[in-house]
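Participant: My structure is below; once you've seen it, I'll send some questions.
The values are calculated or read from the model by the stated rules, or taken from the named source; none is laboratory data. This one's a predicted model, so the numbers in the text were calculated from it and none came from an experiment. Here the Cβ positions follow ideal geometry from the backbone for every residue, glycine too, while neighbour counts run over all protein chains shown. What goes into the accessible areas is simple: the full protein's heavy atoms, side chains included, and nothing from ligands, DNA or RNA. Shrake-Rupley method; radii C 1.70, N 1.55, O 1.52, S 1.80 Å.
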Amino acid sequence: MEKSCSLLVYFDKGTPALANEIKEALEGNDVEAKIEALKKAIMLLLNGETIPQLFITIIRYVLPSEDHTVQKLLLLYLEIIDKTDSRGKVLPEMILICQNLRNNLQHPNEYIRGVTLRFLCRLNESEIVEPLIPSILSNLEHRHPFVRRNAVLAVMSVFRLPQGDQLLVDAPEIVEKFLSTEQDPSSKRNAFLMLFNCAQDRALNYLFTNIDRIIDWGEQLQMVVLDLIRKVCRVNKAEKGKYIKIIISLLNAPSTAVIYECATTLVSLSSAPTAVRAAAATYSQLLLSQSDNNVKLIVLDRLNELKASHREIMVELVMDVLRALSTPNIDIRRKTLDIVLDLITHRNVDEVVLMLKKEVVKTQSGEHEKNGEYRQLLVQAIHTCAIKFPEVASTVVHLLMDFLGDSNVASAIDVAVFVREIIETNPKLRVSIITRLLDTFYQIRASRVCVCALWIIGEYCLSLSEVESGIATIKQCLGDLPFFTAATEEGEGQDAQQKASQPVISTTVSSRRPVVLADGTYATQSAVLETAMSPPTFVHGSLASIGNLRSLILSGDFFLGAVVACTLTKLVLRLEEVQPSKTEVNKTTTQALLIMVSLLQLGQSWVLPQPMDNDSHDRIVLCIRLLCNTGDDVRNIWLQSCRESFVKMLADKQRRETEEIKAKAQISNAQPDDLIDFYHLKSRKGMSQLELEDEVQDDLKRATGEFTKDGDDANKLNRILQLTGFSDPVYAEAYVTVHHYDIVLDVTVINRTKETLQNLCLELATMGDLKLVERPQNYTLGPESSKQIKANIKVSSTETGVIFGNIVYETSSNVHDRTVIVLNDIHIDIMDYISPASCADVAFRTMWAEFEWENKVAVNTVVQDEKEFLDHIIKSTNMKCLTPPSALEGECGFLAANLYAKSVFGEDALVNVSIEKQTDGKLSGYIRIRSKTQGIALSLGDKITLKQKGAA
């Protein structure tokens, strides 16, 4: 067996200590030198060295020492040395240490007694322990609690030895008697732990005898009581009602650790509303009372689990949970909002939104560095509330519109998207929103926010006054025309070019970065996405105060210029419908045309180093032609079709969300032959209300199939991997179990020969971010017998790892000849670590631009249908398609989609699929994978390369 030891010490193998030096130091009289020598000897032994000649030296020169440090190190040395021979018998020289141990157990110093008793807890040799039993029992009555608490543990360890019940026949009775008279909390805890492990009936008897005093027991003893209750209830579910009463009484304990464990135990044992409500209230109390952020995150995880199974109870506590927003940590705030948003109902939505509004206002005054990110979370939360419950939109929309000019661009974009959706879904708010938007438009400094605000102005300015105000606002923000003069172009062009050089360079570099658009297409980054993050640039010095639209356009953002042209076109077309005076219409049309021509002139000049892109140029020219020659068909397209498309987009989004909610609500059914208990026919005699509730909930679970375990046997068989061949003398196969942060290999080894295999060892090694936890052990395997060997492997990142190794053994006929059988490699699949996840399009594109590792895989498949190939990739990679189904409908010969997944380690995996059908019917294109770490990008790429060829 592997030697067990409670000590782990770092050892530098580059400077090994010589055995002779250690021996000399131990034989000397210098105590400090003896301590250092003992430490070196222990480190050598821990790292596999054997120093048999030191034992007698230590017995002669170290054993008699009175120094406490030397005695402590001596016990550690005795713990790790081999005490048995190859046949498992105790070595004769071990008798020499028995007298020393007996002397230590009777030593006048309580520390020596205590550490010796603790050492005896780690001894597995009954021959050494047997002569010491009277001394151990005498220490149960020692005056010092340190000795007594270790004496109880020593009694427990002796009783649990292979023949311990014969060595200490009356141990449970002795400990029970000790427990009834002991006053020290730690000693009582150890005594109760002994009864819990060795005589459970006596532990339960003591528990119910002192049931009224449990609340006064120490924290450690209360924790052991909870462990006992969990163990008993798992075995005997019929009696859990009386134990639940004990747990509920412990919810009033002064220790926060105890009440947390009580709440966790309650939820695991009972589904009764009273019990779950008590647990949820306890979690909420801990969430508010604890200052440690890690504790808060753990409690929020527990509340999240409760929300999934007992939503109606969690709804009652939504405001208590929401108070956790007072914590400045952004992760806690994000998790709190995620929980609360799923618990909103018509009854509590007003309170929740009021609280969120107060938090938004606080972000204005505070100077916390994460205020912008927190404000964005709040805006998204309010957006969700307003979509679910439109009646609250009117109370928040005007407050949020103050943040359209927010310095945090992501937050401002969320506000703009929220306003765009609310103005469509709440027609009553249209007039007030438009008025407020026109008043605050000049404050907007981000290009992407301007684009969204201009679209709203163009679509929802309907009355004459609104249309005129919209045109006037745009003209004011554009400033005086033209954007530059001939003098500026000739005389100041070079100076302007120098002033604009720095931001323009950054824009040029950014424009060459690849980006994934909202519809999934893979394109070159347009300037608009980068200028949104950069401050407005003042190109020439003719204006003292510059408008936001003017400054953004003069920084080279011609996409915004095209949006301005489209907005003006819509407003002019609508003005023709609502303005009776043709003169005013013609005048406004001329002004709009002048603005568009000035934009074209600016784009073709060399005042800006970067010329206007073709798309923006064509769009502005289209607007000019339209205003010069309008028709009814074109008017309908510009004034009605755009809005209709937006309405369809909102309806599609609502439909997708509804489908996701339905998919999550999985209904489990009971088997036809399952037993159903009828509540009304049950005997209620002697049952409390809580026990009745618990019985009802268990019956409901049984009836709805929650107790049935859907073990997928086929899936289990897929996880069994053959490691050796059928013709090998030793056959081995492994069952691989993945538990997020570690992997358990359950290896079955079968001796197929007629000989006994000695020193059989399963030697494993890993490649990738995998680490073996234990050292290999040696086994003896009889003829045609089998052995189960477990190996634990730690995982530190999402990466495809490889486990390889061999089996080494000796035969009884030829001990000196070792046989080696090489094992098949075990490949750990990345799919065990990633799961489908969702994120917003803006967040996806931001991560795509930031992540530095990209793996580009060429499409090579026999599948000829684009949608079928995409579905196969989604299934193979365990990812979620972010591109909506409506965008993937139809047959056009090409397809682009974004996929997203998250690993258990919090890593993001981004995939973009861009494929096109060739004339011969085959698919071509690329699948691009991006991630922050190299491992996940390479592993996903290998997985896709392997799976796409097999798609048929």
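Participant: Hey, among Lys653, Lys587, which residue is over 20 Å from Phe483 (Cβ atoms) and modelled with pLDDT of 85 or more?
Facilitator: Matching residue, one of Lys653, Lys587: Lys587.
Participant: Taking the stretch 754-776 only, how many residues are in a loop (DSSP other than H, G, I, E, B) and either loosely packed, with under 13 Cβ neighbours inside 10 Å or on the phi > 0 side of the Ramachandran plot (or both)?
Facilitator: Of the residues in the stretch 754-776, 5 are in a loop (DSSP other than H, G, I, E, B) and either loosely packed, with under 13 Cβ neighbours inside 10 Å or on the phi > 0 side of the Ramachandran plot (or both).
Participant: Tell me which of these Trp606 doesn't satisfy, since it passes every other one: (1) open to solvent by less than 60 Å² (accessible area, probe 1.4 Å); (2) in contact (Cβ under 8 Å) with a residue 24 or more places away in the chain.
Facilitator: The one condition Trp606 does not meet is (1).
Participant: I would also like to ask the following. Can you find, within the stretch 475-502, the residue that is farthest from Ser555 (Cα to Cα) among those that are in contact with a Phe, Trp or Tyr (Cβ under 8 Å, 6 or more places away or on another chain) and at pLDDT 75 or above?
Facilitator: Gln476
Participant: Considering each of Ser65, Ser86 in turn, give the residue that is modelled with pLDDT under 80 and of a type in the set (S, T, N, Q).
Facilitator: Ser86
Participant: If you scan the stretch 903-919, which residues turn out to be over 26 Å from the mean Cα position of the chain (by Cα) and among the aliphatic types (A, V, I, L, M)?
Facilitator: Ile915
Participant: Could I ask something else about it? Lys570 is checked against (1) open to solvent by 40 Å² or more (accessible area, probe 1.4 Å); (2) of a type in the set (D, E, K, R); (3) in contact with a Phe, Trp or Tyr (Cβ under 7 Å, 6 or more places away or on another chain) and fails just one. What number does that condition carry?
Facilitator: Only one criterion is unmet by Lys570, namely (1).
Participant: Filter the stretch 857-900 down to the residues that are hydroxyl-bearing (Ser, Thr, Tyr) and not in a helix (DSSP H, G or I) and list them by number.
Facilitator: Thr861, Thr883, Tyr900
Participant: Further, regarding this structure: Please pick out the residue among Asn150, Asn109, Asn103 that is buried (at least 16 other Cβ atoms within 10 Å of the Cβ) and without any contact (Cβ under 8 Å) to a residue 60 or more places away in the chain.
Facilitator: On the way: Asn109 fails: buried (at least 16 other Cβ atoms within 10 Å of the Cβ); Asn103 fails: buried (at least 16 other Cβ atoms within 10 Å of the Cβ).
It is Asn150.
Participant: Listed residues Asp338, Asp292; which is out of contact with any Leu (no Cβ under 7 Å at 6 or more places or on another chain) and without any contact (Cβ under 8 Å) to a residue 12 or more places away in the chain?
Facilitator: Result: Asp292 is the single residue among Asp338, Asp292 that is out of contact with any Leu (no Cβ under 7 Å at 6 or more places or on another chain) and without any contact (Cβ under 8 Å) to a residue 12 or more places away in the chain.
Participant: So which pairs qualify, if the first residue must be in the stretch 916-937 and on the phi > 0 side of the Ramachandran plot, the second must be in a loop (DSSP other than H, G, I, E, B) and modelled with pLDDT under 90, the Cβ gap must be under 6 Å, and the two must be at least 6 apart or on different chains?
Facilitator: Once the first residue is on the phi > 0 side of the Ramachandran plot and sits in the stretch 916-937, its partners that are in a loop (DSSP other than H, G, I, E, B) and modelled with pLDDT under 90 give Gly921/Gln864; Gly925/Val859.
Participant: Still on this structure, I have one more. Which residues, counting only those in the stretch 799-818, are under 21 Å from Asp942 (Cα atoms) and assigned to a loop (DSSP other than H, G, I, E, B)?
Facilitator: Within the stretch 799-818, Glu799, Thr800 meet the criteria.
Participant: With without any contact (Cβ under 8 Å) to a residue 24 or more places away in the chain and either under 20 Å from Arg230 (Cβ atoms) or polar (S, T, N, Q) (or both) as the only criterion, which of Leu286, Leu306, Leu266 stands out?
Facilitator: Leu266
Participant: Within the stretch 733-753, how many residues turn out to be open to solvent by 80 Å² or more (accessible area, probe 1.4 Å) and part of a loop (DSSP other than H, G, I, E, B)?
Facilitator: 3
Participant: For the stretch 116-141, which positions are open to solvent by 20 Å² or more (accessible area, probe 1.4 Å), among the polar types (S, T, N, Q) and either at pLDDT 85 or above or over 50 Å from the mean Cα position of the chain (by Cα) (or both)?
Facilitator: Ser138 - this is the single residue of the stretch 116-141 that is open to solvent by 20 Å² or more (accessible area, probe 1.4 Å), among the polar types (S, T, N, Q) and either at pLDDT 85 or above or over 50 Å from the mean Cα position of the chain (by Cα) (or both).
Participant: Has the stretch 197-209 got at least one residue that is of a type in the set (Ser, Thr, Tyr), within 22 Å of Gly241 (Cα to Cα) and in a helix (DSSP H, G or I)?
Facilitator: Yes - at least one qualifying residue is present in the stretch 197-209.
Participant: What number of residues within the stretch 417-439 satisfy the criterion of being open to solvent by less than 30 Å² (accessible area, probe 1.4 Å) and either closer than 19 Å to Ser469 by Cβ or without any contact (Cβ under 8 Å) to a residue 24 or more places away in the chain (or both)?
Facilitator: So the answer is 7.
Participant: So which of Val295, Val299 ends up being in contact with a Ser or Thr (Cβ under 9 Å, 6 or more places away or on another chain) and open to solvent by 40 Å² or more (accessible area, probe 1.4 Å)?
Facilitator: Val295
Participant: Please specify each residue of the stretch 173-195 satisfying the condition of being buried (at least 21 other Cβ atoms within 10 Å of the Cβ) and either modelled with pLDDT of 90 or more or assigned to a helix (DSSP H, G or I) (or both).
Facilitator: Val175, Phe178, Leu179, Ser187, Lys188, Arg189, Asn190, Ala191, Phe192, Leu193, Met194, Leu195
Participant: Every residue in the stretch 881-912 that is surrounded by fewer than 17 Cβ atoms within 10 Å (Cβ to Cβ) and touching a Phe, Trp or Tyr at 6+ places or on another chain (Cβ under 6 Å), please.
Facilitator: If the condition is that a residue be surrounded by fewer than 17 Cβ atoms within 10 Å (Cβ to Cβ) and touching a Phe, Trp or Tyr at 6+ places or on another chain (Cβ under 6 Å), then Val904 is the only one that fits.
Participant: Kindly check whether there is at least one residue in the stretch 914-929 that is among the hydroxyl-bearing types (Ser, Thr, Tyr) and part of a loop (DSSP other than H, G, I, E, B).
Facilitator: Taking the stretch 914-929 as the starting set, the residues that turn out to be among the hydroxyl-bearing types (Ser, Thr, Tyr) are 914, 919, 924, 926.
Next cut, part of a loop (DSSP other than H, G, I, E, B) only: 919.
Yes, that holds for at least one residue.
Participant: Go through the stretch 318-334 residue by residue and tally those that are free of Cβ contacts under 8 Å to residues at least 40 places away in the same chain and surrounded by 19 or more Cβ atoms within 10 Å (Cβ to Cβ).
Facilitator: Count: 6.
Participant: Let me ask you something else. Just one of Cys233, Cys262 is touching a Lys or Arg at 6+ places or on another chain (Cβ under 8 Å) and either open to solvent by less than 30 Å² (accessible area, probe 1.4 Å) or in a helix (DSSP H, G or I) (or both); which is it?
Facilitator: Going through Cys233, Cys262 in turn, just one is touching a Lys or Arg at 6+ places or on another chain (Cβ under 8 Å) and either open to solvent by less than 30 Å² (accessible area, probe 1.4 Å) or in a helix (DSSP H, G or I) (or both): Cys233.
Participant: Taking the stretch 819-841 only, how many residues are among the small types (Gly, Ala, Ser) and part of a strand (DSSP E or B)? Break it down into steps so the answer makes sense when it comes.
Facilitator: Step one: list which residues in the stretch 819-841 are among the small types (Gly, Ala, Ser), which gives 835, 837-838, 840.
Next, only the ones that are part of a strand (DSSP E or B) stay: 835.
Residues that pass the stated criteria total 1.
Participant: Okay, next question. Scanning for something under 26 Å from Gly241 (Cβ atoms) and among the hydroxyl-bearing types (Ser, Thr, Tyr), does the stretch 289-307 turn up at least one residue?
Facilitator: No, the conditions are met nowhere in the stretch 289-307.
Participant: Here is a follow-up. All but one of (1) within 21 Å of Asn329 (Cα to Cα); (2) modelled with pLDDT of 80 or more hold for Gly372, so report the exception by its number.
Facilitator: (2)
Participant: Could you check Asp350 against (1) open to solvent by less than 10 Å² (accessible area, probe 1.4 Å); (2) within 26 Å of Thr425 (Cβ to Cβ); (3) out of contact with any Leu (no Cβ under 7 Å at 6 or more places or on another chain) and say which number it fails?
Facilitator: With respect to (1) open to solvent by less than 10 Å² (accessible area, probe 1.4 Å); (2) within 26 Å of Thr425 (Cβ to Cβ); (3) out of contact with any Leu (no Cβ under 7 Å at 6 or more places or on another chain), Asp350 is out only on (1).
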